[in-house]
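Colleague: Let me give you the structure first, and then I'll get to my questions.
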Amino acid sequence: MNVIVFNSKRSKVPVGAVLLLAVSVVGCGDWGEGSTSSGAERGASTSPIAIAEIDPVVLRRALKSSPLPAPPSDSTNRYADHPEAAELGRRLFFDPRLSGTGEVSCATCHQPDRWFTDGLAKSMGLDTADRHAPTLVDAAHHRWFNWDGRSDSMWGHTIRPIENPLEMGGDRTLLTRLLLEDPELNNRYAKIFGAIPLSLADLPASARPIGDSQSVEAWERLTPVDQDRINRVVANTGKSLAAFQRTLRGGPSRFDRWAEAISKGSDEKSILNASELRGLVLFFGKAECWECHSGPLLSDGEFHNIGIPVAEGLPRDPGRYDGSLLVREDPFNAAGQYSDDVDGRQAILSRGVKRDPDAWGAFRTPTLRGVGRTPPYMHDGSMPDLESVIRFYSTLEGAVQLGHHQESVLSPLDLDAGEIKDLAAFLRTLAGPGPEIDVPESSRGEEPSTE
Ligand code: HEC
Ligand code: HEC
């Protein structure tokens, strides 16, 4: 009945986490069989709710979560809202030549018809990636990127999938060569950023600062000036890709249409059905989902350890504990030389990030916009559907607790089957029509690049 793998053992304890060894298991009752008194009050869960009956505090929280405005400006990327940069980014996004084998593009894992995810528990590029691919729709609203927040901008993140041997297995010099070689890309790039001050003859086939020894040696043979020029191409490519990704908007969902109608004083009954409305009341009320899934993005942008169960034999993912270190040391972060605002707010935040032992196993609260379109769920894709996620919150069965600093917000909700259904129904109202993207002709279909 319950799909969550029950496991209280941790197979690997990372250095630095010794203080957090304590492992305990909370809540092991079956969902649906309420073990606390609140079960009795739930007879009402099948009856319709009139707006006037909703607790005004709950209603206010709901209305504050809509609408989603345009993404915040990104001062670290001067080209963030530059239409020509977005157009170059769109072409690059679908171009498998960014990968080492010419077969994997960003769209392999961020597919337009899957709300820019891939439907897999863990993404598949050249090999199986470490985590589940989050959606890119409305992602420009985040402050920290990736499940562990190891990038502080969308553009700064770009080199990671390109050079990750499990994902695209490409490299920054190969990318630079592509932009020099392809007349169309070269032209577009030069119009926005100026001509690339390098020639193909200057560049080895592959060179990068981290990776296989041959590429690293080739990188070390380049002059610092050429290394910087290549890195500049990486940053500009990222800035174009980010400009494109900023255009990926989910658009108004049924929840937004409901919130708009209610804000205008209407007693609207046709936009959300009774079950969805009961789910909404749970979400912003006693289920306390809004504690973390707050604001119009339905994410507080912070990192929490909700202790999702870890499958037997797998090491636990350190999450933000490592992400905090990675973002501070990232040469492509907001405070680095490729940022367009090294003294701005994000740069100050990133410079000040501390590695906190309490952040072990914490992940960024995901947005719930479009969530009905993006199974499976969680950073490891371990929960196949929304009902499984809600059942987890309901029982916390299998939850892994790490030390006494564990998230205090979560306690088993002990929801009945009707409430689980209602909450899931509400979550499915959070997807808008989705972005309409013109997929470049050359990247349609399964054929690998002809290069
Ligand atoms: C092999 C699959 C794969 C490919 C190819 C890939 N990604 Fe991703 N992407 C992922 C995964 C998995 C994550 C989450 C990584 C993590 O948190 O550790 C991710 C995360 C992201 C994020 C962060 C989103 C957020 O909500 O924080 C952005 C932005 C992104 N990818 C953009 C891109 C771009 C641009 C490309 C192409 C240059 C690309 N990705 C290629 C799988 C992929
Ligand atoms: C303490 C903060 C917190 C609270 C409270 C909370 N969540 Fe979450 N939620 C998270 C975090 C963090 C994750 C990602 C965890 C991970 O991947 O390990 C998450 C993941 C999810 C996901 C998976 C989304 C995806 O794209 O993978 C769903 C759905 C979800 N929560 C719904 C809910 C609902 C419904 C409630 C109320 C019953 C709730 N959450 C309460 C923090 C919270």
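Colleague: Can you name the residue in segment 367-396 that is of a type in the set (A, V, I, L, M, F, W, C) and more than 15 Å from ligand 1 (Cβ to nearest atom) and, of all such residues, is farthest from HIS132 (Cα to Cα)?
Modeller: Filtering first and then ranking leaves LEU396.
Colleague: Quick check on segment 251-267: of everything there that is assigned to a loop (DSSP other than H, G, I, E, B) and touching a residue at least 40 places away in the same chain (Cβ under 8 Å), which residue is nearest to LEU368 (Cα to Cα)?
Modeller: Top of the filtered list is SER253.
Colleague: Name the residue, out of LEU280, LEU241, that is under 26 Å from PRO435 (Cα atoms) and within 12 Å of ligand 2 (Cβ to nearest atom). Don't jump to the end; show me each part of the working.
Modeller: Numbers: LEU241 fails: within 12 Å of ligand 2 (Cβ to nearest atom).
Only one candidate passes the filter, namely LEU280.
Colleague: For segment 67-78, indicate whether the set of residues that are outside any helix (DSSP H, G or I), touching a Leu at 6+ places or on another chain (Cβ under 6 Å) and of a type in the set (A, V, I, L, M) is non-empty. Walk me through how you get there before you give the answer.
Modeller: Applying the first criterion (outside any helix (DSSP H, G or I)) to segment 67-78 yields 67-78.
Those still in the list that are touching a Leu at 6+ places or on another chain (Cβ under 6 Å) too: none.
No, segment 67-78 contains no residue that is outside any helix (DSSP H, G or I), touching a Leu at 6+ places or on another chain (Cβ under 6 Å) and of a type in the set (A, V, I, L, M).
Colleague: Can you confirm whether LEU277 is of a type in the set (A, V, I, L, M, F, W, C), touching a residue at least 60 places away in the same chain (Cβ under 8 Å) and within 23 Å of ILE54 (Cα to Cα)?
Modeller: Taking the combined requirement at face value, the residue satisfies it.
Colleague: Can you tell me which of (1) buried (at least 22 other Cβ atoms within 10 Å of the Cβ); (2) within 15 Å of ligand 1 (Cβ to nearest atom); (3) over 16 Å from the mean Cα position of the chain (by Cα) is the one GLY307 doesn't meet?
Modeller: Failing condition for GLY307: (2).
Colleague: Among the residues of segment 300-317, are any more than 16 Å from GLY361 (Cα to Cα) and within 16 Å of ligand 2 (Cβ to nearest atom)?
Modeller: yes
Colleague: May I pose another question? Residues in segment 203-231 that are aliphatic (A, V, I, L, M) and crowded, with 18+ Cβ neighbours inside 10 Å: how many? Walk me through it before giving the result.
Modeller: Narrowing segment 203-231 to residues aliphatic (A, V, I, L, M): 203, 205, 207, 210, 216, 218, 222, 225, 230.
Those still in the list that are crowded, with 18+ Cβ neighbours inside 10 Å too: 203, 207, 218, 222, 230.
Total satisfying the criteria: 5.
Colleague: Does at least one position in segment 176-192 carry a residue that is under 24 Å from GLY336 (Cβ atoms), near ligand 1 (Cβ under 10 Å from one of its atoms), among the hydrophobic types (A, V, I, L, M, F, W, C) and surrounded by 20 or more Cβ atoms within 10 Å (Cβ to Cβ)?
Modeller: No.
Colleague: Hey, another quick one. I'd like to know if segment 394-406 contains one or more residues that are within 21 Å of the chain's Cα centre (by Cα) and of a type outside the set (S, T, N, Q).
Modeller: no
Colleague: Go through segment 144-190 and count every residue that is part of a helix (DSSP H, G or I) and closer than 22 Å to ASP127 by Cα.
Modeller: Residues that pass the stated criteria total 10.
Colleague: Here is a further query. Please note which helices (runs of 4 or more DSSP H) are completely contained in segment 343-451 and include at least 1 residues that are modelled with pLDDT of 90 or more, of a type outside the set (A, V, I, L, M, F, W, C) and closer than 30 Å to GLU329 by Cα. Reasoning before the result, please.
Modeller: Details: elements: 345-351, 386-395, 417-427.
Output list reads 345-351.
Colleague: Would you mind finding the one in LEU314, LEU326 that is out of contact with any helix residue (DSSP H, G or I) (no Cβ under 6 Å at 6 or more places or on another chain), under 28 Å from PRO384 (Cα atoms), surrounded by fewer than 21 Cβ atoms within 10 Å (Cβ to Cβ) and among the hydrophobic types (A, V, I, L, M, F, W, C)? Can you show your working first?
Modeller: Numbers: LEU326 fails: under 28 Å from PRO384 (Cα atoms).
Within the list LEU314, LEU326, the selection yields LEU314.
Colleague: Could you tell me whether segment 320-337 includes any residue that is more than 16 Å from ligand 1 (Cβ to nearest atom), in a helix (DSSP H, G or I) and assigned by TED's automatic domain parsing to the domain that holds ILE49?
Modeller: no
Colleague: Only one of these conditions is not met by VAL234: (1) more than 19 Å from ASN77 (Cβ to Cβ); (2) among the aliphatic types (A, V, I, L, M); (3) within 15 Å of ligand 1 (Cβ to nearest atom); (4) surrounded by 16 or more Cβ atoms within 10 Å (Cβ to Cβ). Which number is it?
Modeller: (1)
Colleague: Would you mind telling me which numbered condition in (1) outside any helix (DSSP H, G or I); (2) without any contact (Cβ under 8 Å) to a residue 40 or more places away in the chain LEU136 fails?
Modeller: Only one criterion is unmet by LEU136, namely (2).
Colleague: Just for segment 109-168: of the residues that are more than 18 Å from SER99 (Cβ to Cβ) and basic (Lys, Arg), which one is farthest from ligand 1 (Cβ to nearest atom)?
Modeller: Among those residues, the one meeting the criterion is ARG114.
Colleague: Then there's this: Report yes if THR101 is part of a helix (DSSP H, G or I) and polar (S, T, N, Q), otherwise no.
Modeller: Taking the combined requirement at face value, the residue does not satisfy it.
Colleague: Identify all residues within segment 104-154 that are hydrophobic (A, V, I, L, M, F, W, C) and within 13 Å of ligand 2 (Cβ to nearest atom); write none if there are none. Show your work before the answer.
Modeller: Of segment 104-154, the ones hydrophobic (A, V, I, L, M, F, W, C) are 104, 106-107, 109, 115-116, 120-121, 124, 126, 129, 133, 136-137, 139-140, 144-145, 147, 154.
Matches in segment 104-154: TRP115, PHE116, LEU120, ALA121, ALA133, LEU136, VAL137, ALA139, TRP144, TRP147.
The values are calculated or read from the model by the stated rules, or taken from the named source; none is laboratory data. None of these values were measured; they are calculated from a predicted model. Reconstructed Cβ throughout: ideal geometry from the backbone, glycine too, with neighbour counts over all protein chains shown.
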